[in-house]
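Structure record follows, encoded as structure tokens.
Read the figures in this text as sums done on the coordinates, not as results from a lab. From a predicted model like this one, the values you see are computed outputs, not experimental measurements. With ideal geometry, Cβ positions are generated from the backbone for all residues, glycine too; neighbour counts draw on all protein chains shown.
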Amino acid sequence: MDRRGQVNEPPPRAVEVDTRAGASPQALVELAERVQRTRARRAEAELAELRASTAWRLSAPLRLSLAWLKGLRQRLGLLLVQSGPGLRLYVALRRRLGRSVASAGGDDRVKADHRQCAEAALAAFLDSGQDLALPAVDKPRVSIILVLYNRAELTLACLQSIVAHCDLAAEVLIVDNASTDRSNELLARLSGARIVRNADNRGFVVAVNQAAAMARGDSLLLLNNDAELFPGSIAAAFDALESGDDIGAVGGRIVLLDGRLQEAGSLIWSDGSCLGYGRGQDPDAPEFQFRREVDYCSGAFLLTPRRVFEELGRFDEAFAPAYYEETDYCVRLRKQGYRVLYEPQALLRHVEFASSASSEQAISLQSAHRKLFQARHADYLAGQERPDPRRALFARSPRGRRRLLLIDDLVPDPRLGAGYPRARDLVNALVRQGFEVTFYPMVEQVADWAEVYRVLPGEVEVMQGQGLVGLADFVQTRRGFYDTVVISRPHNMRQVRDALADDLKAFGCQRLVYDAEAVIAPRDIQRRTLAGEHLDQVTKARLVDAEINLARDVDCVVAVSAREAGLFAERDFARVEVLGHRLAPYPGPAGFEQRSGFLFVGALRDDASPNVDSLLWFCEHVAPRLKAELGGEFRLYVVGDARAPALARLDFDWLHFLGQLDSLRLPLDACRVFIAPTRFAAGIPHKLHAAAAGGLPAVATGVLAGQLGWADGRELLVGDTPEAFAAACLRLYRESECWQAVRQAALAAVARDGSPEAFQSAVAAIFGSG
């Protein structure tokens, strides 16, 4: 274990710390100590648990064999990917050996097994003498409506899921349509529910309207009694409903008993027939994980404002007893200017057709009511896609919005640095412009969906888990689907070209945009020069030209700065735009005297990265001078994923690694000076913009100052040698007037260069509107 609290480079894990605590130097010291203790305890506990396990002891011989095989595999893999044919073979093998989809078992058998278990559970409950207490409040936010006709065993499971997973103030309204099974016994054992008992079977549509007339909640949740809720489903649907004043209804991700998807929202064809999007597919697939506007959602789970339901006259009883009533309702909503949303976090399991005498009877009702629906909504159907399951992707959302594909490395978590803050801001801005955005990460990894949508808006489709291996197939299956395709970063453009045999027309899009993010060749030239390598001007020009030429055949190039835009413009690219950073000033209240210590922020995952080089250079060549001058007052706090092996040699009592933090608020408010000792770099340094926006003055190298266009002694102080950098640090640390002047100038520069309004306007100018 080293001072970073890491053992054998484990995957990064966030340490739970409250960065909103009092922003004082002491609070930062306590944070550093808490991070160190937490990581040490975690690493020691995990290591001890592993070594104490039976599996560890029994697998000792196997580990020795695997170590040898791993080395052999790595050597063979390197031989494969170092050649063009070898790389193509590797990709083909990964496709062939990728995830298989298990075929579903017999649906009737699954239902029979489920019914048998449910009947046993019902008998046990009724024999127990216990009651089931359902939610009941005076002022419910949601009224949950269940319509029953027999199937008491399924009703019990549904009610138990409400008790377990209803996380809003709710009331439960039950309308029993003269059930003849044990439903009456079950209803007698309920408390909290408001129950209506009809003398005959009046059907689903009429019964829902009955319940709606007596509901008190702000919203109505129609829930089939053969459905079971999952945790968080109601709250997720309610959040979606409240996400806009124009939301008329919200449906959920409905999974069948055998684990296949029933629907992720539904679409309506021009002939009035309908299709559950994704039916029969894996419900955990990426294309079913994002919120989107749809034609309609199943009444098995449908949340709608009670006021709107009443304004539209409730369900149209012409569709009694059931089927097409929710389709008709959602179309009427859309005609009134409301949107219907599919919310994937509203998850439920559904038996389907459980309340019908047979699937054939349900299909017969659907056929009859489809004709009525066609007659009522011929005008709406005229604008729908013609029926073709192969066009389900194109029809999954209502027409009219433009679709955009963005290809980048990873889900752009701003904590990762390396251009990801800007990438996340770009996605957000595109969503605000009205685009339907698909984000395709080139790195083949699968993150938790909750973490993905902590970073990105819930409306963004994120095709994670496919990566480079799946790219060619993805492009082929979605050819012509996207109006605009954006490829970010030079290495991704290179990989896209290789995967598509250099045929960028394979996307079938109207517009192809290259977001350079940062031109890397000049940075590599700087790095090689620092390492003592001599590069003549011809070689330097060739390296830059090779990278710039990756953008050939695109319709537009987007650069992060005017300086880098010039590299494309001077090579006769027709359209080159600039899109910088999005940052608004948010200085903390702490003044010069209330602060102490130095702050470094950056991703430190790779020994060859500019951040690792700069931190090593500072700690080994600059810090000794500061320590000699400041003594025990000298402290350096480092924020970022510090996994680079080279950092292990940094063993100083004044150096504190804080790891990744969700917010920089505490260190920005507690430290007195920000340092950016970067010796080679590309693009523009987001870290300096972030420090300036937070009100923390900085010392940087001339490389970074030049990228920003900031002047030494005005927006920051500059030092390029250990002596000059240390002198600038001491001046900013000791001279209050200098500190205040630099702080104010930097805040003004961020307000000028990083305005959120200007960023959004630039995105609108480059991409237009969806």
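GLU242 to ARG575: FRET efficiency via 1/(1 + (r/R0)^6), r the Cβ-Cβ distance, R0 51 Å, to the nearest 0.05? Present the calculation step by step, with values, prior to reporting the outcome.
Details: r = 41 Å, r/R0 = 0.80.
With a Förster radius of 51 Å, E is 0.80.
Per q in 0.20 1/Å, what log10 I(q)/I(0) does a Debye calculation on the alpha-carbon atoms of segment 403-578 return?
Each listed q maps to, in turn, -1.44.
Could you put GLU564, GLU352 in order, starting from the residue whose Cβ has the fewest other Cβ atoms within 10 Å?
On the way: GLU564 23, GLU352 20.
Taking fewest neighbouring Cβ atoms as first place, the list is GLU352, GLU564.
Give me the percent relative contact order of the chain, please, defined on Cα pairs under 8 angstrom at least 6 residues apart.
On the way: 1425 pairs, mean separation 85.9, N = 770.
With pairs under 8 Å counted, the relative contact order is 11 percent.
Kirkwood hydrodynamic radius (Cα pairs, Å) of segment 492-606?
Working: mean 1/r = 0.0572 Å⁻¹.
Result for segment 492-606 stands at 17.5 Å.
I want the local charge near ALA590. Using Cβ-Cβ distances under 13 Å, sum +1 for each Lys or Arg and -1 for each Asp or Glu among the other residues.
Working: positive: ARG595, ARG665, ARG672, ARG743; negative: GLU593, ASP669.
Cβ neighbours under 13 Å give a net charge of +2.
Just going by the charge dipole of the chain, with Lys and Arg at +1 and Asp and Glu at -1 on Cβ, which of LEU372, VAL763, LEU146 is farthest out on the positive end?
VAL763
Full-extension gain between ALA199 and ASN549, please, as 0.36 nm times their residue separation minus the C-alpha to C-alpha distance. Write down the numbers at each step before the final one.
Details: separation 350, 0.36 × 350 = 126.00 nm, distance 7.74 nm.
Contour length minus the Cα-Cα distance gives 118.3 nm.
Within 10 Å of each candidate Cβ there may be at most 15 other Cβ atoms; applying that plus a DSSP loop requirement, which GluC sites (Glu not before Pro) in segment 585-659 survive?
On the way: sites: GLU593, GLU620, GLU629, GLU633; in loops: GLU593.
Counting only loop positions with at most 15 other Cβ atoms within 10 Å, the GluC sites (Glu not before Pro) in segment 585-659 are GLU593.
Quick check: Cα centre of segment 172-214 to Cα centre of segment 374-414, how many Å?
Here the answer is 38 Å between Cα centres.
Pop out the ³J(HN,Hα) list for segment 583-594 in order, Karplus 6.51 cos²θ - 1.76 cosθ + 1.60 with θ = phi - 60°, rounded to Hz; leave Gly and Pro as x.
Per residue, the Karplus-derived 3J(HN,Hα) values read 8, 10, x, 9, x, x, x, 5, x, 4, 6, 7 Hz.
I need PHE481, PHE507 ordered by Cβ neighbour count within 10 Å, fewest first. Present the calculation step by step, with values, prior to reporting the outcome.
Values: PHE481 17, PHE507 23.
Exposure proxy ranking, most exposed first: PHE481, PHE507.
For segment 125-131, take each phi angle, set θ = phi - 60°, evaluate the Karplus expression 6.51 cos²θ - 1.76 cosθ + 1.60, and give the result in whole Hz per residue in order, putting x for glycine and proline.
Those phi angles translate into 5, 5, 6, 6, x, 8, 10 Hz.
Going 7 Å from the Cα of GLU629 along its beta-carbon direction, which residues of segment 720-755 have the amide nitrogen within less than 15 Å of the resulting point?
Flagged as within label range: 720-739.
Considering only DSSP states other than H, G, I, E and B, which trypsin sites (Lys or Arg not before Pro) in segment 441-485 qualify as loop sites with at most 15 other Cβ atoms within 10 Å? Walk me through the numbers on the way to the answer.
Values: sites: ARG454, ARG478, ARG479; in loops: ARG478, ARG479.
Those satisfying the criteria are ARG479.
I need the P(r) histogram for segment 311-394: all alpha carbon pairs, bin width 5 Å from 0 out to the longest distance, whole percents.
Each 5 Å bin holds this share of Cα pairs: 3, 11, 17, 20, 23, 19, 7, 0.
List the trypsin sites (Lys or Arg not before Pro) within segment 360-422 that fall in a DSSP loop (any state other than H, G, I, E or B) and whose Cβ has at most 10 other Cβ atoms within 10 Å.
ARG399
How would you rank TYR440, TYR380, going from fewest to most other Cβ atoms within 10 Å of each one's own Cβ?
Values: TYR440 25, TYR380 18.
Ordered from fewest to most neighbouring Cβ atoms within 10 Å, TYR440, TYR380 come out as TYR380, TYR440.
Please work out how much length the chain gains when fully extended from LEU500 to VAL137, using 0.36 nm per residue of separation minus the C-alpha to C-alpha distance, in nm with one decimal. Display every interim value, and only then the final one.
Values: separation 363, 0.36 × 363 = 130.68 nm, distance 5.91 nm.
Working it through step by step, the gained length comes to 124.8 nm.
How big is the C-alpha Rg of segment 624-668 next to the rule-of-thumb value 2.2 N^0.38 Å, as a ratio?
Numbers: Rg = 12.2 Å, N = 45, 2.2 N^0.38 = 9.3 Å.
This ratio for segment 624-668 stands at 1.31.
Report D for the chain in µm² per second (integer): Stokes-Einstein, Kirkwood Rh on Cα pairs, 25 °C, 0.890 mPa s.
Details: Rh = 29.9 Å.
In µm²/s, the coefficient is 82.
Label-point separation (nm) for GLN130 and ARG734, each offset 7 Å from Cα along Cα-to-Cβ?
Taking the two extended label points, one gets 7.4 nm.
Return one quarter of the surface area of the convex hull spanned by the alpha-carbon atoms of segment 114-395, equal to its mean projected area, in nm². It would help to have the intermediate numbers written out before the result.
Details: hull surface 55.0 nm².
For segment 114-395, averaging the hull's shadow over all directions gives 13.8 nm².
Would you mind working out the magnitude of the charge dipole of the chain relative to its Cα centre, with +1 at each Lys and Arg C-beta and -1 at each Asp and Glu C-beta, to the nearest 20 Debye?
Working: 94 positive and 99 negative charges, 261 e Å.
Roughly 1260 debye, rounded to the nearest 20.
Between GLU757 and ASP720, what is the label-point separation in nm under the 7 Å Cα-to-beta-carbon projection?
The two pseudo-label positions are separated by 3.8 nm.
How far is the Cα center of segment 510-538 from the Cα center of segment 220-280, in Å?
Using only Cα atoms to place each centre, the spacing works out to 49 Å.
How big is the Rg/Rh ratio for segment 585-754, C-alpha atoms only, Rh by Kirkwood, two decimals? Can you show the working numbers first?
Details: Rg = 14.5 Å, Rh = 15.7 Å.
Ratio value, two decimals: 0.92.
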